[in-house]
1. What's log10 of I(q)/I(0) for the stretch 2-79 at q = 0.17, 0.20, 0.22, 0.25 Å⁻¹, Debye sum over Cα points only, no solvent?
2. Computed over the Cα atoms of the stretch 82-215, what is the convex hull's projected area averaged over all directions, in nm²?
3. Helix 189-198: angle to the longest alpha-carbon principal axis of the chain, degrees 0 to 90, nearest 10?
4. Please give the FRET efficiency for V77 paired with D152, using the beta carbon to beta carbon distance and R0 = 25 Å, rounded to the nearest 0.05.
5. Please give the net charge around T57, taking every other residue with its beta carbon less than 12 angstrom from that of T57, where Lys and Arg add +1 and Asp and Glu add -1.
6. So if we plug the beta-carbon distance of D2 and R203 into 1/(1 + (r/R0)^6) with R0 = 41 Å, what FRET efficiency do we get, rounded to 0.05?
7. For the chain, what is the charge dipole size about the Cα centre, in debye to the nearest 20, if Lys and Arg each add +1 at the Cβ and Asp and Glu each add -1 at the Cβ?
8. Semi-axes of the equivalent ellipsoid of the stretch 112-163: what are they in whole Å, largest first, if each equals the square root of 5 times a C-alpha gyration tensor eigenvalue?
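None of the figures in this text is laboratory data; all of them are computed from the coordinates on show. Just so it is clear, the structure is predicted and the values come from calculations on it, not from any experiment. Every residue, glycine among them, receives a Cβ derived from its backbone with ideal geometry; neighbour counts consider all protein chains shown.
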Amino acid sequence: MDERASVFRVYRVVEAVPHINLFDTEGARLYTVFQGGYGDRQPEIDALETGDLIEGTVAGDPEDDEEAWTLRSFERVGGVDMGFGTDVELPEIARGTWAKQERGVAHSVIEEDGGPVGECWVQPRAPLPGGVFVPSVLAGLLPMEDTLTSVDSVGEPPTDAVFLDPDPVDASSFRHPYGVLLVFTDRATETRRRFRERYDCPRGVDSRPTYDPYELSPGGFGP
């Protein structure tokens, strides 16, 4: 049995998977952690949300890839409120950002009242498992901690992240070769509200799509 103490980003995946994925922000490693079996501590585990940042300790066997780890102790130290929209029409800023990229990830600044309040990022599907964008995010398989830590064009940390996919999570072909991440700081009052309303993912609401990640590809997909 081994232990790892670090700061982790929570990725709760979906109800079909009885685990929580934790991305080690310091060691850049993904840990699959049991979601149940914590006794009196279970309400604390159940209160975790996708996007939370916790300082804690996980325990498990690093030589056993089949066995999940256990979250020994933790304290919430921050987080980003995450929203998800799938099978949606992408915003114009995303299409413009993709048009200017050359081979990979690219971004544009989101403005409100003439000043920067957030950023729009596009992520090519090519390197993602099965080409799926939102499921890769939900499982923590698409590390983007730098983007979730600071919005460089604003010089402030993000408060919100909205992930958009033009196709459903179980799509076998894609209308666009990329997914979209919108990050907002607390300066983005009206712009943040407008985007969240448009894609039906209000703050404080769990908008993760329902799906079984193990059925998305012949080889299986998930933590």
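1. The Cα Debye sum returns log10 ratios of -0.58, -0.83, -1.02, -1.35.
2. Values: hull surface 31.0 nm².
Over all viewing directions, the stretch 82-215 projects a mean Cα-hull area of 7.7 nm².
3. 80 degrees
4. Values: r = 21 Å, r/R0 = 0.85.
In this case the efficiency is close to 0.70.
5. Details: positive: R4, R72; negative: D2, E3, D24, E55, E75.
Surrounding charge for T57 is -3.
6. Efficiency at R0 = 41 Å is approximately 0.65.
7. Around 700 debye, computed over the chain.
8. Values: eigenvalues 123, 26, 16 Å².
Semi-axes, largest first: 25, 11, 9 Å.
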